[in-house]
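Shown next, in C-alpha cells, is the structure this report addresses.
The values are calculated or read from the model by the stated rules, or taken from the named source; none is laboratory data. On a predicted model such as this, the values are computed, not experimentally measured, just so you know. All Cβ positions, glycine included, derive from the backbone under ideal geometry; neighbour counts span all protein chains shown.
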C-alpha cells in the first residue's frame, strides 16, 4: 500500500465566509487568497443567499489559486442554477443530496475538515487539481487529457511529490511471467484483462503498452461489437505501479510519453463499445480508465479511490478528464482532495457506475 504524505489533523476548520465577505475579499484583495498568501482554501456559506448571489461570488472566485468550497444546509435553493464552486457540500438536513453536491450525513463541519486536511497536506497539489478541473469544464477530452498531463509533469518536479518520493524505500520490480494484459476474441467480443494479480493489477509500462495495443486493435476491427475490460484476481486495479515512480528521465519526457502512449486516448476511440467490469478495489488509474468506458458494471464489494494527492500528484491516467464526464468536477475534486473511498452503492448513486451485479460476468 502507498505511504502518503503525512495527514494533518482534520479537526482544524478553516474560516467560513458569508457570501458578502467572500465577494468583498475577491474584489478588494485577491492576492490575499491562495497558497502564496497562506490561504489555499476558501469556504463560503451559501445558506440565505439567492442563486444569483451565489453565482456572482462563484464567478468572483473562479480564478483564485485556491480550493473554493460552497456549503449549504439546503441546496435545493440552487436546484435551477448550481453555483460553480470547486466542491459543493450539502448538510445532513437534505441528505442524500444530489450530485454535484456531496451529501454530508456526518455534518458539514466534518466534511469541510476532510477537505481542509487534504489541502493542508499538499496545498500546491490541491490548488493545481482544482485549476485543472476548472480548465477542463467544456473542454474536449483530448484537450482535458493534455492539460492534466502538463500539470502532472509540473507536479512531478514539485516539492510535495519530491518529499513523498524521497521517503519511499526501493520497491523490487516483479518481472512478469506472461503478458500483463490478456487479449482474447470471443465471437464479436474482445475481452481485455489486466493480468498482474500478484500486485493487484497495478499498471506498469507493460500494462500501459498492452492496453494501448488492445484498444487500438478494437478501434481498427469494425467487426468487434463489444469490448470488455476486466481485472484478474481479487481486485480490478490498484492504480499505478509505485515501483516505477521516479524512473523516467524527467517530467517533460513523461508528458510526451503520455501524449503518445496513453491508454485513455486509445480507449476513447472505442469507449462507446466498451464495458468495464470492476470488482474489489478500483484505485487511481483503474478508476480513471473505467470511468471513460461506455458502461461500468460493479460487484457489491467494489470500492473506488483516488489516492494521488497523498503522493503530491493529481490523477495522471486521465481522471481529471474522465471522471468529471460521469460525476462532475465537484465530486471528482471531493474524491481527490479527501482520498475518501466510496462503495458501489455510492458510486451507483453518483452515476460513476451504471449497474451492480453479484458477479463480474455479463
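Could you please let me know if residue 229 is buried (at least 16 other Cβ atoms within 10 Å of the Cβ) and part of a strand (DSSP E or B)? Reasoning before the result, please.
Values: buried (at least 16 other Cβ atoms within 10 Å of the Cβ): yes; part of a strand (DSSP E or B): yes.
Yes: the conditions hold for residue 229.
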- line: Those residues of segment 117-145 which are closer than 14 Å to residue 313 by Cβ and touching a strand residue (DSSP E or B) at 6+ places or on another chain (Cβ under 7 Å) amount to 126, 127
message: I need the full set of residues from segment 279-289 which are within 17 Å of the chain's Cα centre (by Cα) and either within 20 Å of residue 218 (Cα to Cα) or surrounded by fewer than 24 Cβ atoms within 10 Å (Cβ to Cβ) (or both), in order please.
response: 281, 286, 288, 289
query: Among the residues of segment 247-275 satisfying the criterion of being outside any helix (DSSP H, G or I) and touching a strand residue (DSSP E or B) at 6+ places or on another chain (Cβ under 9 Å), which is farthest from residue 227 (Cα to Cα)?
result: 270
message: One residue is enough: does segment 88-109 have a residue meeting the conditions modelled with pLDDT of 95 or more, closer than 22 Å to residue 14 by Cβ, assigned by TED's automatic domain parsing to the domain that holds residue 326 and in contact with a helix residue (DSSP H, G or I) (Cβ under 9 Å, 6 or more places away or on another chain)?
response: no
query: Could you say which residue among 224, 211 is touching a strand residue (DSSP E or B) at 6+ places or on another chain (Cβ under 8 Å), in the same structural domain as residue 336 (by TED's automatic domain parsing) and not in a helix (DSSP H, G or I)?
result: 224
message: For segment 56-89, give me the residue count where each residue is more than 24 Å from residue 132 (Cβ to Cβ) and assigned to a strand (DSSP E or B).
response: 1
task: Kindly provide the set of residues from segment 185-236 that are in contact (Cβ under 8 Å) with a residue 24 or more places away in the chain and on the phi > 0 side of the Ramachandran plot, ordered by number.
output: 200, 201, 233
- line: The condition from (1) surrounded by fewer than 24 Cβ atoms within 10 Å (Cβ to Cβ); (2) closer than 30 Å to residue 153 by Cα; (3) free of Cβ contacts under 8 Å to residues at least 40 places away in the same chain that residue 70 misses is numbered (1)
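From 13, 46, grab the single residue that is farther than 17 Å from residue 61 by Cα and either modelled with pLDDT under 95 or assigned by TED's automatic domain parsing to the domain that holds residue 75 (or both).
On the way: 46 fails: farther than 17 Å from residue 61 by Cα.
Checking each option against the conditions leaves just 13.
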query: Can you name the number of the only condition in (1) free of Cβ contacts under 8 Å to residues at least 60 places away in the same chain; (2) over 24 Å from residue 258 (Cα atoms); (3) within 17 Å of the chain's Cα centre (by Cα) that residue 114 fails?
result: (1)
Qualifying residue in segment 156-171 (condition: free of Cβ contacts under 8 Å to residues at least 40 places away in the same chain, touching a helix residue (DSSP H, G or I) at 6+ places or on another chain (Cβ under 8 Å) and either within 17 Å of residue 261 (Cβ to Cβ) or surrounded by 16 or more Cβ atoms within 10 Å (Cβ to Cβ) (or both)): no
statement: Expected single match for under 28 Å from residue 230 (Cα atoms) and at pLDDT 95 or above among 151, 144, 126, 113 is 144
